[in-house]
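Q: For reference, the structure I am asking about is given below.
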Amino acid sequence: MQTVKVDGKTQMSMSEVYASNVNSVVSINVSATTNYFGQTVQTAASGTGFFITEDGYILTNHHVISDASSVKVTLYNGETYDAKVIGSDEDYDIAVLKIDVTGATPVVLGDSSKVAIGESVAAVGNPLGELTFSMSEGIVSCVNRAINVDGTPFNMIQVDCSINPGNSGGPLFNSYGEVIGIVSAKYSSYSNTTVEGIGFAIPINDVVSLVKDIMTNGYVTNKAYMGITPQTMTAQMAQQYRYDVTEGVFVCSVDPDSAADKAGLKLGDVITKMDDTDITSYEDLVAAKKSYSAGDTVTLTVYREGKTIEVELTFDAVPESAETNNSDQSTDNSYNGNGGYGNGGYGNGGNGYYSNPWDFFNNFFGYNG
């Protein structure tokens, strides 16, 4: 195989792209221990990653290594290493691993903002966990494709490369041999069925600063955090609460001394706009927050007690305990979906019946006239 130096200026054939980068790609195999009704069950999964430093830092997807009890990395030359998970972020589906190696060959990162529809791209990975270090070639079908996966919005590069389970976390290369995205098989399927000719990759520009933060601190330190328990407002809730709004984000609780608390948000508020962005659902809120960092100030449009008000909120940084102890807490908590807030139904002993929150407060504090 002919190796060409990746300099971002020299256009390469796809065989040259492969030869110049295959030693930067790794196969990832994870195992997890799960307890089902007292029985310990071992599960295994596989994915792909790629070196981003010479001293063994590897970038992959969060969903590849989530809940893993052990992670092993295999290089193109067949060497296998135990890997340490430095940190990850579920919101952006990125994870950083580290293996004890020197002289690794890191990839060259490109500029995903310059990606154009129709340009040639290639994915290198381990489809099905068995066909290791395979390449698939295609073109960019769409840029800035907004997709929603498990309630989390993502901005993606859409490609027509063949993307299968095991490809997740691998690099997407342009014709200059640069990495412009992180391939994800998780988002390249519909109803658990792989869709032919449709694949997705996370733009590399969206995560570079976050990756550096994880490498330094073990988690994303400057991610915007409000300190609320949010829930998508629905017409049913509006009817039961006797609210005039049917869309937005209902505030189920406010953490003491949080950004939301300092801004004056209260239980029962409905957030309908963040600056000029309409907020119609929890997913909208998650997407909107991705445009901000800790310390940024926004104007929230809020429905409260039949009136629309505006409040200014300055984002906190996500608490370290939330990031390092439980990845599910990497964003503000969401409503538990079982008809209750926290450990029981709101105001009704956990029976799942929604009551008007202001009725609850009035009864509790004796404000019944």
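Q: Can you tell me which of T33, T43, T53 is within 25 Å of P203 (Cα to Cα) and β-branched (V, I, T)?
A: Going through T33, T43, T53 in turn, just one is within 25 Å of P203 (Cα to Cα) and β-branched (V, I, T): T53.
Q: Select from the range 151-173 the residues that are within 12 Å of the chain's Cα centre (by Cα) and part of a strand (DSSP E or B) and write down the one among them that is nearest to A116 (Cα to Cα). Even if it seems obvious, please write down each step before you answer.
A: To start, the set of residues in the range 151-173 that are within 12 Å of the chain's Cα centre (by Cα) comprises 151-156.
Narrowing further to those that are part of a strand (DSSP E or B): 152-156.
Numbers: T152: 25, P153: 22, F154: 18, N155: 15, M156: 13 Å.
Here the answer is M156.
Q: Taking the residues in the range 133-154 that are among the aliphatic types (A, V, I, L, M) and within 28 Å of T43 (Cα to Cα) as candidates, determine which candidate is surrounded by the fewest Cβ atoms within 10 Å (Cβ to Cβ). It would help to see each step written out before you state the result.
A: Step one: list which residues in the range 133-154 are among the aliphatic types (A, V, I, L, M), which gives 135, 139-140, 143, 146-147, 149.
So of that shortlist, the ones also within 28 Å of T43 (Cα to Cα) come out as 135, 149.
Numbers: M135: 19, V149: 15.
Only one residue tops the list, namely V149.
Q: What single numbered condition from (1) among the aromatic types (F, W, Y); (2) at pLDDT below 50; (3) crowded, with 18+ Cβ neighbours inside 10 Å fails to hold for Y353?
A: In the conditions (1) among the aromatic types (F, W, Y); (2) at pLDDT below 50; (3) crowded, with 18+ Cβ neighbours inside 10 Å, Y353 misses (3) alone.
Q: Let me ask something additional. Among the residues of the range 31-82, which ones are in contact (Cβ under 8 Å) with a residue 24 or more places away in the chain, touching a helix residue (DSSP H, G or I) at 6+ places or on another chain (Cβ under 9 Å) and in a strand (DSSP E or B)?
A: A45, S46, G47, T48, G49, F50, F51, Y57, L59, V71
Q: I'd like the full set of residues that are more than 25 Å from T221 (Cα to Cα) and surrounded by 17 or more Cβ atoms within 10 Å (Cβ to Cβ), limited to the range 93-104.
A: Of everything in the range 93-104, just one residue is more than 25 Å from T221 (Cα to Cα) and surrounded by 17 or more Cβ atoms within 10 Å (Cβ to Cβ), namely A104.
Conditions (1) touching a strand residue (DSSP E or B) at 6+ places or on another chain (Cβ under 6 Å); (2) modelled with pLDDT under 95; (3) part of a strand (DSSP E or B), marked per residue:
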{"position": "I182", "(1), (2), (3)": "yes, no, yes"}
{"position": "Y187", "(1), (2), (3)": "yes, yes, no"}
{"position": "E196", "(1), (2), (3)": "no, yes, no"}
{"position": "S209", "(1), (2), (3)": "no, yes, no"}
{"position": "D213", "(1), (2), (3)": "no, yes, no"}
{"position": "Y219", "(1), (2), (3)": "yes, yes, no"}
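Q: While we're here: On the basis of being within 25 Å of N205 (Cα to Cα), assigned to a loop (DSSP other than H, G, I, E, B), in contact (Cβ under 8 Å) with a residue 60 or more places away in the chain and not hydroxyl-bearing (S, T, Y), does V6 make the cut?
A: Details: within 25 Å of N205 (Cα to Cα): yes; assigned to a loop (DSSP other than H, G, I, E, B): yes; in contact (Cβ under 8 Å) with a residue 60 or more places away in the chain: yes; not hydroxyl-bearing (S, T, Y): yes.
Here the answer is yes, as V6 does meet what is asked.
Q: Condition first: surrounded by fewer than 16 Cβ atoms within 10 Å (Cβ to Cβ), within 30 Å of G169 (Cβ to Cβ) and of a type in the set (K, R). Can you find one or more residues in the range 205-221 that meet it?
A: Yes - at least one qualifying residue is present in the range 205-221.
Q: I'd like the full set of residues that are of a type in the set (D, E, K, R) and closer than 21 Å to I214 by Cα, limited to the range 73-124.
A: Scanning the range 73-124 gives D82, K84, D89, E90, D91, D93, K98, D100, D111.
Q: Restricting the range 105-119 to residues that are in contact with a strand residue (DSSP E or B) (Cβ under 6 Å, 6 or more places away or on another chain) and farther than 30 Å from D55 by Cβ, which is surrounded by the most Cβ atoms within 10 Å (Cβ to Cβ)?
A: Filtering first and then ranking leaves E119.
Q: Within the range 251-279, work out how many residues are under 27 Å from F154 (Cβ atoms) and without any contact (Cβ under 8 Å) to a residue 40 or more places away in the chain.
A: Qualifying residue count for the region: 11.
Q: When S209 is evaluated against the numbered criteria (1) in contact with a Gly (Cβ under 8 Å, 6 or more places away or on another chain); (2) without any contact (Cβ under 8 Å) to a residue 60 or more places away in the chain; (3) closer than 26 Å to V96 by Cα, which criterion, by number, is the only one it fails?
A: Among (1) in contact with a Gly (Cβ under 8 Å, 6 or more places away or on another chain); (2) without any contact (Cβ under 8 Å) to a residue 60 or more places away in the chain; (3) closer than 26 Å to V96 by Cα, S209 violates only (1).
Q: Moving on to the next point. Which helices (runs of 4 or more DSSP H) sit wholly inside the range 231-317 and have at least 1 residues that are over 23 Å from the mean Cα position of the chain (by Cα) and either modelled with pLDDT of 95 or more or surrounded by fewer than 16 Cβ atoms within 10 Å (Cβ to Cβ) (or both)? Spell out how you get there, then give the answer.
A: Values: elements: 235-241, 259-263, 282-289.
In the range 231-317, 235-241, 259-263 are the helices (runs of 4 or more DSSP H) which contain 1 or more residues that are over 23 Å from the mean Cα position of the chain (by Cα) and either modelled with pLDDT of 95 or more or surrounded by fewer than 16 Cβ atoms within 10 Å (Cβ to Cβ) (or both).
Q: Name the residues in the range 139-150 that are at pLDDT below 80 and either on the phi > 0 side of the Ramachandran plot or over 14 Å from the mean Cα position of the chain (by Cα) (or both), would you?
A: Of everything in the range 139-150, just one residue is at pLDDT below 80 and either on the phi > 0 side of the Ramachandran plot or over 14 Å from the mean Cα position of the chain (by Cα) (or both), namely D150.
Q: If the requirement is being modelled with pLDDT under 95 and surrounded by fewer than 13 Cβ atoms within 10 Å (Cβ to Cβ), which of these qualifies: E90, E130, E79?
A: After ruling out the rest, the residue left standing is E130.
The values are calculated or read from the model by the stated rules, or taken from the named source; none is laboratory data. A quick note: this is a predicted structure, and the numbers were derived from the prediction, not measured. Here Cβ is always computed from backbone atoms with ideal geometry, including for glycine, and neighbour counts include all displayed protein chains.
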